[in-house]
Amino acid sequence: MIKIITPFVVLLVLVTLGFAQTTEPAQSAGTPAFSLSTGDVSRAELLMGKHIGKTMLRIAYSREKQAEFSKIAGGNLQKTVKIVLNGKVVSGMLVTKPEMGSYLDVIMDSMDEATENTAFAIAKALVNPMQTSGTSAPAVSPAPASDAVVFSLSSDQHISKVVVVIFKANSELEVTFPSQEKIDEWARITKDNIGKRLRIMLNGRLVQEETIEKPGWGHVVKVEMASPEEAFEMAKALINPTPQPETKTP
C-alpha cells in the first residue's frame, strides 16, 4: 500500500526522546549500559540524509526492555549510558529524563558508507526478518497500461531523506522529496486519477503499483520493498547520487 506521511509526522522522526547522545561511548568501567538483542526488537528504522548529519537508528523495543531502560535512566540522570546492540557498544547516551519511550534513537559516528553499512547490518540482525524470495523490482515498462499514471523520483532530484524500515515480515522505504514541483505533481496526479493504477518509480525502477483510492498530499511516499537489502540499496542510491563525470568544453 502507498502511504503519504504528513510533514508533521515526518518531523517526529527527528525528535529525541529525553536524552542527548555522544558519538563516542564512554570508556569508564563504571559507566552503566543498556543492551538490546535479537528478540527484543519489533522494528528498526535506518535514517539516512545529509541534513540529519549522522547515521541514525530508530528502534522499537519490547515493553520489558522499556521498563528496564527507564529503571536504568532513573538511577543515572545526567550520566552517560552505553548503548549495546547485539553485544557491541555503538553509542553513548546522556540521560536527561527518567522515563524512556517505546522507541530508542541511536546516533552513529558519522554518515559515511561504512557507517551506513554497519547500521544496516545491526538493524537487520536485531529484527531478524523472515526470509523471502526477494524478487527484484521489475524494470520500467516502455508501454504502461493505458489507465496507469506514473510518479517518479530519482537521486538527481535532491532527495533530502530516506528511511529503511525493517519489520519481521516485510520491509518498507520512506522517501522525502522536498521539491515543491514534485509535491504539486504528487497532489495533482492523485487528485485527478482516482480509480486508476499508480506506478511508483524510484531511480527508473518500478517498485510499487496499486489503485489510487484518494488524493494524496505531503512530501513523503512510503513503498514496500521485496527485501531489507533491496530497500537499503535503493536508499543509498537515492541519497548518494553517483557523481557525473565533468565534460570539458573544447
Query raised in the report: How big is region 14-127 by Rg and Dmax over its Cα atoms, in Å?
Result: 13.0, 36
Query raised in the report: For Thr55, which sequence-distant residues (separation of 5 or more, or a different chain) have an amide H within less than 5 Å of its own amide H, given hydrogens modelled in the peptide plane?
Result: Met108, Ser110, Met111
Query raised in the report: What order do you get for Trp217, Trp186 when you list them from fewest to most C-beta neighbours inside 10 Å?
Result: Trp217, Trp186
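So what's the projected area for region 133-239, the Cα convex hull averaged over all directions, in nm²? Before the final figure, lay out the partial values.
Details: hull surface 27.1 nm².
Orientation-averaged projected area of the Cα hull: 6.8 nm².
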Query raised in the report: Mind listing the phi-derived Karplus ³J(HN,Hα) values for region 149-154, rounded to whole Hz, using 6.51, -1.76 and 1.60 with θ = phi - 60°, and x for any glycine or proline?
Result: 10, 10, 10, 10, 10, 9
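How do Asp105, Asp112, Asp40 line up, fewest other C-beta atoms within 10 Å first? Provide the component values of the computation, followed by the final result.
Working: Asp105 21, Asp112 12, Asp40 18.
Fewest to most other Cβ atoms nearby, the residues stand as Asp112, Asp40, Asp105.
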Requested in this report: Give a quick list of GluC sites (Glu not before Pro) in region 147-250 that DSSP marks as loop, anything other than H, G, I, E or B, with at most 12 other Cβ atoms within 10 Å.
Outcome: Glu213, Glu246
Requested in this report: For region 14-127, give the magnitude of the charge dipole about the Cα centre (Cβ charges: +1 Lys/Arg, -1 Asp/Glu; no others), in debye to the nearest 20.
Outcome: 240 debye
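Bear in mind that the values in this text are calculations on the coordinates, not laboratory data. Source: prediction; values computed, not measured. Glycine gets a Cβ as well: all are built from the backbone with ideal geometry, and neighbour counts include every protein chain shown.
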